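The values are calculated or read from the model by the stated rules, or taken from the named source; none is laboratory data. Remember, predicted model here, so these are calculated numbers, not experimental data. All Cβ positions, glycine included, derive from the backbone under ideal geometry; neighbour counts span all protein chains shown.
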């Protein structure tokens, strides 16, 4: 039986939570129907001391959700065209989050394909922008409580994930930190 992640899962060390969220399932009860996918790649962004973290320059209207309670969605727009989903972690007033980079489609493939016409199905959710596009997630879903029934993460099995740990990608500062985690055996990872 699926087990929805609680606030306590998110209210802890971001690196530990990022590693542990691999293999879990993200579920969205969208207006078009239920969509789910197995999480296969994430990155951790931690505090004002992390130069790649959106909170590195302090609290703003854009990133204020990161300073709130753990277990909420943080969705932002980059390059004026790509939405990116993050899971807020750690304690209140300490800004940290896990960026969802890639997932494997599970339920609602017809909806995913309607939202994103990418031909290679193994790569349809391979990238934070592609994931949000395929799931239909926008800034409208920013600040959702991830323990409720609209957008959440659940554990469906105890199957072990073969985890690879590397530096984060697509950033210019903080590249040396080994805060990217992915499932070594997944074909849906954005970049090996």
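Values as computed for the structure displayed
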| read-out | value |
| --- | --- |
| Only listed residue being under 30 Å from residue 47 (Cβ atoms) and either touching a strand residue (DSSP E or B) at 6+ places or on another chain (Cβ under 7 Å) or in contact (Cβ under 8 Å) with a residue 60 or more places away in the chain (or both), chosen from 156, 139 | 139 |
| Members of the stretch 83-96 found to be over 15 Å from residue 145 (Cβ atoms) and either surrounded by 24 or more Cβ atoms within 10 Å (Cβ to Cβ) or free of Cβ contacts under 8 Å to residues at least 12 places away in the same chain (or both), listed by number | 95, 96 |
| Flag for residue 103 being under 24 Å from residue 189 (Cα atoms), under 17 Å from the mean Cα position of the chain (by Cα) and buried (at least 19 other Cβ atoms within 10 Å of the Cβ) | yes |
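Quick grid of which residues meet (1) buried (at least 22 other Cβ atoms within 10 Å of the Cβ); (2) at pLDDT 95 or above; (3) under 11 Å from the mean Cα position of the chain (by Cα); (4) not in a strand (DSSP E or B):
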site	(1), (2), (3), (4)
8	no, yes, no, yes
20	no, yes, no, yes
23	no, yes, no, yes
26	yes, yes, yes, no
34	no, yes, no, no
